[in-house]
Amino acid sequence: MSGDKVTIVEVGPRDGLQNEKDFVATDRKIALIDRLSDCGFDRIEATSFVSPRWVPQMADAAEVMARIKRRPGTVYSVLTPNLKGFEAAVAADAGEVAIFGSASESFSQKNINCSISESLERFRPVAEAAREAGIRLRGYVSCVVECPYEGRIEPKAVALVTAALIEMGCAEVSLGDTIGQGTPDTIEAMLDAVLAVAPTERLAGHYHDTNGRAVDNIAVSLERGLRVFDASIGGLGGCPYAPGAEGNVDTLKVHDAVAALGYATGLDRAKLEEARVMALALRIRAPS
Ligand code: HMG
Ligand code: MG
């Protein structure tokens, strides 16, 4: 409903930068996160505690978490695929950790080197550890409409993984259109299945903008009651295991679209523009 708050979760420093081929200097990552903190986000996904052999760009996760200036009121979250990542996240004082599964078997294998059911078993101890430590747990489901390796994904496959993540204790499950192929029709069909197993307040939309449809997909999700959307400053990114995928929808674009519909975001638009300029500069590579 117009007047409601829409929470934009800034994922650019993680989902955006993880895909940059050239290593982005740690100082520049920190400067970007500090600039984003000034914008007033409730949550910033700052980095990932994953294998540096799989995603070398995130190898400096501990240093990033140690050196960012933490704004009171902002939760700094990180990806943690296993207990090793979780322990590093706790040592780094992460405010939220995220486990990340998939509705596609092939993507699960390519991204985290195991099947969907194996991934759920691996996430369980992370979920238990997060509960014991009192750290908020987020879950991701990738490939909610299409997979780069096996094409169309059935909505019921998304619902199954979502239900498992919620049962495990995820406060929120973020629904990833990993390669940005969703349309309002396919997103609605997917949400119909997911809303049969999860309440709207436990769901977030994570829409990549490969085909420029992410804002339309957010609009149908708003109609279904979702109020949390992930976005990436300057549209940075993609996924290293999703060839051809563009970044998450640009934060400024989401801000303007939801503001035009009458929702409040709590973000400072002028500061978002400054952060966007900084993010886009990170993409300019030295000529090879
Ligand atoms: P594996 O090779 O099967 O795991 O990888 P392993 O347990 O055999 O470990 C292999 C090596 O990695 C070992 O080191 C471990 O110590 C190390 P070695 O002995 O060979 O030197 N290792 C770690 N190091 C640091 N932190 C850790 C960690 N775990 C193991 N946490 C694993 C399995 C899950 C670790 C690997 O596949 C991985 O790290 N994958 C990460 C993939 C990734 O980050 N993808 C991008 C994020 S997901 C995404 O972008 C989608 C999303 O945006 C939503 C959407 O858009 O759909 C979230
Ligand atoms: Mg993503």
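Only the coordinates and a few stated rules stand behind these numbers; no lab work does. Model, not experiment: these values are computed from the prediction. Using ideal geometry, Cβ is built from the backbone for each residue, glycine included, and neighbour counts are taken over all protein chains shown.
Building the convex hull from the alpha-carbon atoms of the chain and averaging its projection over directions returns 13.4 nm². Restricting attention to the stretch 214-262, which trypsin sites (Lys or Arg not before Pro) occupy a DSSP loop and are surrounded by at most 16 other Cβ atoms within 10 Å? Those satisfying the criteria are Arg224.
Note on the chain: GNM, Cα springs under 10 Å; of Asp209, Asp42, Asp27, the largest mean-square fluctuation is that of Asp27. A straight Cα-to-Cα reach below 28 Å connects Lys110 with the lysines Lys21, Lys29, Lys84, Lys156, residues fewer than 8 places away in its own chain not being considered. For the listed peptides 148-158, 259-269, 98-108, a ranking on the average number of other beta carbons within 10 Å per residue, highest first, reads 98-108, 148-158, 259-269.
Straight-distance candidates among the aspartates and glutamates for linking to Lys5, with alpha-carbon spacing under 17 Å and chain neighbours fewer than 8 residues away dropped: Asp42, Glu172, Glu201, Glu223, Asp230, Asp256, Asp268. Positive-end ranking of Gly101, Val194, Val55 along the dipole of the chain, with charges on Cβ about the Cα centre, is headed by Val55. Rg then Dmax, both in Å and based on the Cα atoms of the stretch 23-171: 15.7, 43.
Per DSSP H run of at least 4 residues, take -39500 (n - 2.57); add these up for the chain, divide by its residues and hand me the 222 nm value, nearest 500 deg cm²/dmol. Dividing the helical sum by the residues of the chain leaves -12500 deg cm²/dmol.
Applied to the stretch 44-61, the Karplus parametrisation 6.51 cos²θ - 1.76 cosθ + 1.60 on θ = phi - 60° returns per-residue 3J(HN,Hα) values of 10, 7, 8, 5, 9, 9, 10, 5, x, 6, 7, 10, x, 4, 9, 5, 9, 3 Hz, with x for Gly and Pro. Over all other residues within a Cβ to Cβ distance under 12 Å of Met190, the charged ones net out to -3, with Lys and Arg as +1 and Asp and Glu as -1. In terms of Cα atoms, the Rg and Dmax of the stretch 97-176 work out to 12.0, 38 Å.
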